[in-house]
Each structure stands twice: as structure tokens, then as C-alpha cells.
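The values are calculated or read from the model by the stated rules, or taken from the named source; none is laboratory data. All of these numbers come straight from a predicted model, not from anything done at the bench. As a convention, Cβ positions derive from the backbone with ideal geometry for all residues, glycine included, and neighbour counts pool all protein chains shown. These area figures cover heavy atoms from the full protein model, side chains too; ligands, DNA and RNA do not enter into them. Shrake-Rupley method; radii C 1.70, N 1.55, O 1.52, S 1.80 Å.
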Amino acid sequence: MNAATQSVIEQVGTRSVSSIRADFPILHQQVNGHPLVYLDNAASSQHPQVVIDAISQYYQKNHANIHRGVHTLSQRATDQFEGAREEVRRFINAGCSKEVIFTRGTTEAINLVAESFLRPRLQPGDEILISALEHHANIVPWQHVCQHTGAVLKVIPITQAGEVDFTAFESLIGPRTKLLALAHVSNALGTVVPVENFIAAARKAGVPVLLDGAQAIPHSVVDVQKLDCDFYCFSAHKLCGPTGIGVLYGREALLQAMPPWQGGGDMILTVSFEKTTYNQLPWKFEAGTPHIAGAIGLGAALRYLNSLGMQNIAAYEQQLLAYATRQLSKVEGLRIIGTAPHKAAVVSFVTKNIHPHDLGTILDTEGVAIRTGHHCAMPVMSFYGIPATARASFAFYNTFAEIDRLVAALHHAQNVMG
Ligand code: C6P
């Protein structure tokens, strides 16, 4: 049975998915002679017209540098930029907007914590704890600080299903652990990590926690106060917002105690050749002219997502995930990589006799966009003994019929490759 032959209700809260799709101009095009099926949302999601309009309006009417000018355009741009910060604060329920630092994305947010928070606190032999399912962005910055300080990176193993092994974690966390840095959702496997359990144990041990929320925040309600994490990092471009902008949430007391990471304009109060004094939070961590249009676009994206309701988005995407998992499991020779019981809308898989790159190329000729490769999670690939996977990742604007198109394109690829 496929989507055409079963009655599925494609609804996100009160809105039909077909009406939501009308909000996304990019989805309505032919690729290689076929209607586009965009299933690469974990890499970057698409933009509704309201986000495109917010950015375009800013450039058409309000562009100027921020925090500097007394003239009207500069004040408008500043208000919009700081307004976006407040949107972010509300979206993640941070206690105050000082706790919301704009960065270039998740990667820069993690590097900021590595260099400004952790590096000055590390002694040789101290430990940083991560898991085996991390994206490179949550591995390499810690390796850098280890190289410079003599600290040691410890890795919590994962199970065959792709879950972070909690028992192993309990044996690894100890008096030398200076930070626990975990993905909230794995980009390569889709596993939702039960971070609440890990955070509770870390709290007991007095260990600060950073969450890489890049893949969690597009699919769920994130409340940083409820999570009780110390740092939460994410990128706008996976959230229907622009590239080149992201967020570091940090607990205020920790951010206050941290030295600035980069120096330059906007992050200072006074400068002389003898001495510089630094700006307050959050600007202390935002040296130089920021991505103003990016922040404004992110604010518009969050308003759009709020209008749909993150809970409604999560519920619909779980239906897509269940359907895709069912249909893909029926494809002969296909093996799903990452079978944790609790997953976000990501399905990684390999097929017998077809390399994922070939698969991705053939699917593209059918208008189906998926990502293939190691997904910047090479240790995950090593764990499963594979070089790469094909990954279909869904957003709330995808349909059941698009999953049927994916499955049909896979059959086509199998025919082409014999
Ligand atoms: N993952 C993917 O296709 P940036 O590049 O800074 O916006 O995000 C980095 C990043 C960090 N953590 C996780 C869990 C991620 O998934 C990503 C980005 C994309 O899976 C591109 S590699």
C-alpha cells in the first residue's frame, strides 16, 4: 500500500500540508524533468516566503550598520536585530536575552565554548566527554583544546541501534570530567538522545553540559531551562532560516565569567593602547558587524514555525518517519542504519551493491534530493564499518507521496545498476 492508496491526513496542527507547501516557493519546480522531492532537510531546510520577504524588506528599506548610528535606518536595523534575539530567547525559553549569543552557526558556537569556557579551565589529564555519534563540529573543537592543554577526549560508545550507552557513560564520567558535550539528535542516524538523563547525572557530578542542538531544534520543542543544560547550540539554516547565522545559548553566570573569544568592534566599551574594557553580554561575544539580515531572517523563521506549532510539526514528522521506515524496510537489499526506538525524521540507509554516492546521483535524475556520504560523522560510519550512507531527512512540508517517490526512485536505481 502506498500513500495514494491509503487515506492519510497530511495536517500540521490546523494547517494542511498542501497549504504549507504553498508557502515555500522553492518546492514548486522541476528538477531533471521531475517535480522536486526535497529530502535533504537535515543538511539545510527551505525558506517560506515570509522569511525571504523579511530579508528582502530589510535590504530594501532598513539596511544600515547596528548599535552605531543615531540615524533612523541604523536604529531600525538595530531594533530588528535585537528583536530577533528576543524571538530566539522566547523560542528556546532562555531566562534573558543576554544568554542568546549570535554566532555563524552551530560550529562557531561550539568553538566559542571550547576556546572561551573550557580551554582556560583545563589542566593536563582533565577529561572532556562526548559520544560516538557526534558530528565533527562536536569532536574537532575539543580535540583542539586537548592538544593545547594536555586534556583527554573520552568517548561514550554507542549501541548497534545507534543509542548512546548510558551505562558506559556512568562509568566514564568522573572527577576529571570538565565538560559533557552531546548531540541532542544525531544527524547521521536520527537518534534522539535522552539528554535529560545524561544532564541529571552530570549535574550530580558537577559537570557542565553542552548540547549540540543542530538537529533537535527543527523537530521538537526545546526549553533550555527545562533541559537544565549550560550551553545549547544551533544553526538557523536547519530551521527555515538563513545560512551563516546561529545561536549559542549559555547560562548567564557562565557567560559572565568567560573572557571574550574574538576581539574587535562592538564587543568593547572603551579602548586605549594600554587597556580595553569589554561590552556587556551578549555583545561581549559578538565582535564585528554581525549577519544582520541573517538574524532578521531567523526571527521571521521562528515566528513562522511558532505559527505552525513545534509540537504539531513534531507530531506530523513522526508520521512521516514511521511511514518512510515502513516503506524503506520493504525495499529488497536495503538496510536502515540507526534503529533507535526514538528518532527524529531522519532515515540513513545502505543498499546492496550500490554505493550511496551512485544512489544519490541516480535519485537526483528522478528529481529526488537526498544526502549521501559520511554526513560529517566519520566515527559513526567507522562504527558500522561502512564508508557512507544515503540519508533521507524530512521536514513538515514533505508528504507521504514524496516518500513513495523516494521508494520508486530507489527501485529505479536498483534496475539501472542491475
Ligand atoms: N549537519 C548535515 O547534513 P553548521 O555547519 O555549523 O551549521 O552545523 C554543523 C552541525 C553540527 N551538529 C550537527 C548535529 C549537525 O547536524 C551539523 C550540520 C549537516 O548533517 C551538514 S554536515
Among the residues of segment 213-224, is there at least one that is assigned by TED's automatic domain parsing to the domain that holds residue 302, assigned to a helix (DSSP H, G or I) and either within 13 Å of the ligand (Cβ to nearest atom) or at pLDDT 95 or above (or both)? yes
Given the criteria in a strand (DSSP E or B) and crowded, with 18+ Cβ neighbours inside 10 Å, does residue 153 qualify? no
Hits in segment 349-390 - residues which are in contact with a Phe, Trp or Tyr (Cβ under 7 Å, 6 or more places away or on another chain) and either open to solvent by less than 10 Å² (accessible area, probe 1.4 Å) or farther than 22 Å from residue 46 by Cβ (or both): 389, 390
What number goes with the only condition from (1) without any contact (Cβ under 8 Å) to a residue 60 or more places away in the chain; (2) open to solvent by less than 60 Å² (accessible area, probe 1.4 Å) that residue 72 does not pass? (2)
Can you run down the residue pairs with Cβ atoms below 6 Å, 6 or more apart or on separate chains, where the first is in segment 240-265 and more than 17 Å from residue 210 (Cα to Cα) and away from the ligand (no atom under 16 Å from the Cβ) and the partner is open to solvent by less than 10 Å² (accessible area, probe 1.4 Å) and in a helix (DSSP H, G or I)? 259/116
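For (1) open to solvent by 50 Å² or more (accessible area, probe 1.4 Å); (2) closer than 15 Å to residue 255 by Cβ; (3) in contact with a Lys or Arg (Cβ under 9 Å, 6 or more places away or on another chain); (4) in a helix (DSSP H, G or I), each residue gets a yes or a no:
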{"position": "113", "(1), (2), (3), (4)": "no, yes, no, yes"}
{"position": "118", "(1), (2), (3), (4)": "no, yes, yes, yes"}
{"position": "125", "(1), (2), (3), (4)": "no, no, yes, no"}
{"position": "130", "(1), (2), (3), (4)": "no, no, yes, no"}
{"position": "133", "(1), (2), (3), (4)": "no, no, no, no"}
{"position": "137", "(1), (2), (3), (4)": "no, no, no, yes"}
{"position": "141", "(1), (2), (3), (4)": "no, no, no, yes"}
{"position": "145", "(1), (2), (3), (4)": "no, no, yes, yes"}
If we keep just the residues of segment 89-111 that are within 11 Å of the ligand (Cβ to nearest atom) and among the hydroxyl-bearing types (Ser, Thr, Tyr), which is most open to solvent (accessible area, probe 1.4 Å)? 107
Could you tell me which numbered condition residue 264 fails, if it satisfies all but one of (1) under 25 Å from residue 374 (Cβ atoms); (2) loosely packed, with under 14 Cβ neighbours inside 10 Å? (1)
Give me the pairs, please: first residue somewhere in segment 159-176 and in a helix (DSSP H, G or I), second residue anywhere and of a type outside the set (A, V, I, L, M), beta-carbon distance under 7 Å, and either six or more positions apart or on two chains. 166/197; 168/157; 169/198; 172/154
Determine whether residue 200 is within 20 Å of residue 348 (Cα to Cα) and in the same structural domain as residue 152 (by TED's automatic domain parsing). no
If residue 329 passes every condition in (1) open to solvent by 40 Å² or more (accessible area, probe 1.4 Å); (2) within 20 Å of the chain's Cα centre (by Cα); (3) under 30 Å from residue 406 (Cβ atoms) but one, which one does it miss? (2)
Can you confirm whether residue 26 is more than 25 Å from residue 405 (Cα to Cα), at pLDDT 95 or above and not small (Gly, Ala, Ser)? no
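Quick grid of which residues meet (1) of a type outside the set (Asp, Glu); (2) out of contact with any His (no Cβ under 6 Å at 6 or more places or on another chain); (3) open to solvent by less than 10 Å² (accessible area, probe 1.4 Å); (4) closer than 28 Å to residue 100 by Cβ:
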| site | (1), (2), (3), (4) |
| --- | --- |
| 157 | yes, yes, no, no |
| 162 | yes, yes, yes, no |
| 168 | yes, yes, no, no |
| 183 | yes, yes, yes, yes |
| 194 | yes, yes, no, yes |
| 201 | yes, yes, no, yes |
| 222 | yes, yes, yes, yes |
| 229 | yes, yes, yes, yes |
| 242 | yes, yes, no, yes |
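For every residue, the table says whether it meets (1) touching a His at 6+ places or on another chain (Cβ under 9 Å); (2) in a loop (DSSP other than H, G, I, E, B).
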| site | (1), (2) |
| --- | --- |
| 42 | yes, yes |
| 55 | yes, no |
| 59 | no, no |
| 67 | no, yes |
| 73 | yes, no |
| 86 | no, no |
In segment 33-62, which residue that is surrounded by fewer than 16 Cβ atoms within 10 Å (Cβ to Cβ) and over 28 Å from the mean Cα position of the chain (by Cα) is nearest to the ligand (Cβ to nearest atom)? 34
Hey, any hits in segment 392-400 for a residue that's at pLDDT below 95 and open to solvent by 10 Å² or more (accessible area, probe 1.4 Å)? no
Is there any pair linking a residue in segment 291-313 that is of a type in the set (D, E, K, R) to one that is part of a helix (DSSP H, G or I), with Cβ under 6 Å and at least six apart or on different chains, and which? none
Restricting segment 185-210 to residues that are more than 10 Å from the ligand (Cβ to nearest atom) and part of a strand (DSSP E or B), which is nearest to residue 337 (Cα to Cα)? 191
